[in-house]
Amino acid sequence: MTKVWYELDRRPTGVRYWAAVVRKQPSAILVGIQLLAIVLLPWVESETWGRAVITSLSLFAVTFGIWVVRSTPALTRLALGIGFPAFLLEVWSVVDRSNVPVNFAAHLLLAIFYMYVAYGLVAYMFADTWVTKDELFAVGAAFTVLLFGFTYLFVAIQTLEPGSFDGHTGIGQKSFLELLAFSAANLTSVGLSDIGAIEPHARAATIIEQLGGVLYVAMVISRLVALTVSRARS
């Protein structure tokens, strides 16, 4: 009995508890940041300071994305080499919104970074024959990371080629939230979106995202089924 109480007393609390969560389940934190960004977007996007808030969330997402990559077979140095330059360019684009090359480069690099993190998460899930709690969170993290990755790609495309997307408000520059909803409709294959791609590059990116969403779900389901059958036979 004394030993049990001693073990209970040694459980981390407060800051140490959350530090342990971040260390053991970084994928869960990454999912939380992405979902928080989605919830906050309708409130902050229309404000003059909204872009700064979104950029700050991007910094946290990039930081935890790199932290997650440290636990995967992906290369941390490559993630650093893409992530932080992308964030610096994003800050530059906030200061100088009319600078098309900077805006395009910032969003394109962020798209590449998020997709690389998604690759790392998928490789992490397929690295062994055991499913940990963090790997379960990695399933959702990879999906939300892909969601944001393609959104940044769409923003980059419309920055370089205005009018790439059409919608109920007509042809014109779409907001980040509008393109995020469009990206979600493509990735989940539900097709429920009032936004449509009308230019060649936008349509090509849309097709790739739709195929990626279907393949991702197929890979995850086949992985879980294979592990279930393997455990049943053992």
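The residues in the range 119-171 that are in a helix (DSSP H, G or I), of a type in the set (Gly, Ala, Ser) and open to solvent by less than 20 Å² (accessible area, probe 1.4 Å) can be counted, and the count is 6. Only one entry in 35, 57 is modelled with pLDDT of 80 or more and in a helix (DSSP H, G or I), namely 35.
Could you say whether any residue in the range 133-143 is under 20 Å from residue 221 (Cα atoms) and modelled with pLDDT of 90 or more? Looking for residues that are under 20 Å from residue 221 (Cα atoms) and modelled with pLDDT of 90 or more, one finds at least one in the range 133-143, hence yes. Scanning the range 179-196 for residues that are open to solvent by less than 50 Å² (accessible area, probe 1.4 Å) and either at pLDDT 90 or above or over 21 Å from residue 211 (Cα atoms) (or both) yields a count of 8.
Total residues in the range 197-222 satisfying the condition of being under 18 Å from residue 178 (Cβ atoms), open to solvent by 50 Å² or more (accessible area, probe 1.4 Å) and part of a helix (DSSP H, G or I): the figure is 3. Checking every residue in the range 64-77 against the condition of being modelled with pLDDT of 75 or more, aromatic (Phe, Trp, Tyr) and in a helix (DSSP H, G or I) gives zero matches.
Residues of the range 92-103 that are among the hydrophobic types (A, V, I, L, M, F, W, C) and open to solvent by 60 Å² or more (accessible area, probe 1.4 Å): 92, 95, 100.
The values are calculated or read from the model by the stated rules, or taken from the named source; none is laboratory data. What you are looking at is a predicted structure, and each value in this text was computed from that prediction instead of being measured. All Cβ positions, even for glycine, are placed from backbone atoms using ideal geometry, and neighbour counts span all protein chains on display. Calculation scope for accessible area: heavy atoms of the full protein, side chains included, ligands and nucleic acids excluded. Shrake-Rupley method; radii C 1.70, N 1.55, O 1.52, S 1.80 Å.
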